[in-house]
1. Pick from 259, 119, 163: which residue has the top mean-square fluctuation in a GNM of the chain where Cα pairs under 10 Å get a spring?
2. Using Cα pairs closer than 8 Å and at least 6 residues apart in sequence, work out the relative contact order for region 134-211, in percent.
3. Order these by the 10 Å Cβ neighbour count, fewest first: 165, 1.
4. Just from its helices, what would the mean residue ellipticity at 222 nm be for the chain, if runs of 4 or more DSSP H residues each count -39500 (n - 2.57) and the sum is divided by every residue, rounded to the nearest 500 deg cm²/dmol?
5. As a test, work out the antiparallel percent of DSSP beta bridges whose residues both lie in the chain, rounded to the nearest 5.
6. Note down the relative contact order for the chain as a percent, whole number, built from C-alpha pairs under 8 angstrom at least six residues apart.
7. Choose one answer from 205, 136, 216: the residue with the largest mean-square fluctuation in a GNM of the chain with alpha-carbon springs under 10 Å.
8. Among 55, 6, 143, which comes first, second and so on when ranked by fewest other beta-carbon atoms within 10 Å?
C-alpha cells in the first residue's frame with residue numbers, strides 16, 4: 001500500500017485563505033507533523049509537489065521520496081492536482097492531506113481487509129451535505145458522466161482528508177472525474193456551488209455506491225451521527241486542521257510543542273527551518 005501526500009503552490013495562495021494575508025511557509029509545521037505521524041504507523045511516505053512548493057518549504061521535511069510534478073490546473077480546480085497525483089499511482093494507495101494527523105494506526109484494517117475498496121475520512125450525513133441537491137439538479141448529465149443508476153444516490157457525500165482506493169475502483173474513478181470535469185468546464189452542469197468537492201468527493205462516493213464497493217470510513221458514520229464529527233475525531237485520535245486553522249499562530253505553537261513532545265528526535269528539523277527562515 002503506497003502512502004502519498006501532495007501539494008502545489010498556487011500564485012493565488014491557499015483556497016481556505018483566499019483574500020486574506022497569510023504566509024505559505026506556515027504550512028511547514030502541519031506538513032511536518034502530518035508526515036511524522038504517517039511515518040510512525042505506515043513507514044514510507046512519498047510527497048508529490050511542484051518545484052516552487054519544494055523550494056519554499058517541502059525540502060526541509062525528510063519525506064522518504066519527493067516527486068517534482070508541476071501543476072497545470074487553474075486555481076478554480078485547485079484540488080485537481082491531488083487527483084492528477086493519484087492518477088500516477090499504479091498500485092493500491094492512500095492519499096493523506098498534509099493537515100491531517102493520525103495518532104493511532106488508523107489505516108490497518110483497510111489495508112489488511114480485501115472487503116474494502118475505498119477509504120475516506122468520513123461520510124457526510126445527509127443533513128450536513130450542502131451539495132446534496134446538486135445531483136438532482138443535474139441528474140441526467142451527472143448520472144451519465146458516471147454511468148450510474150439514477151436512484152442509487154442517498155444524499156450523502158465522502159469527506160476526503162484521507163482518500164485511497166484499490167485497483168478495482170482506480171481506473172473507473174479517474175474516468176468519471178474526467179467526465180465530470182469536462183461537463184463542468186463546458187458549462188453542462190447547473191448550480192455548481194463547490195466544484196472541487198463535487199469533482200473529488202461526491203464523484204468518489206456515488207461511484208462506490210454504484211459499483212457496490214465497500215467504503216471504510218476512518219471516522220465511523222454511526223458515531224458521527226451520535227456524537228458529532230469533532231468528538232468522533234477526538235475519540236479516534238485523528239485530527240484534521242480544517243480550513244484556515246493551520247495558519248493560526250496558536251495552533252502553530254501547539255503543533256511545534258506536539259513535535260517536541262512526541263518526536264523529540266525530529267525537533268532539530270523545526271529548529272533548522274526556523275533559523276533558515278529568520279536568516280532569509
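No value in this document is a laboratory result; all are computed from the given coordinates. Predicted model only: the values in this text are computed from it and were never measured. Every residue, glycine among them, receives a Cβ derived from its backbone with ideal geometry; neighbour counts consider all protein chains shown.
1. Residue with maximal mean-square fluctuation among 259, 119, 163: 259.
2. On the way: 55 pairs, mean separation 39.2, N = 78.
Here the relative contact order equals 50 percent.
3. Exposure proxy ranking, most exposed first: 1, 165.
4. Rounded to the nearest 500, the figure is -12500 deg cm²/dmol.
5. Antiparallel bridges make up about 45 percent of those DSSP assigns within the chain.
6. 24 percent
7. 136
8. Ordered by Cβ neighbours within 10 Å, fewest first: 55, 143, 6.
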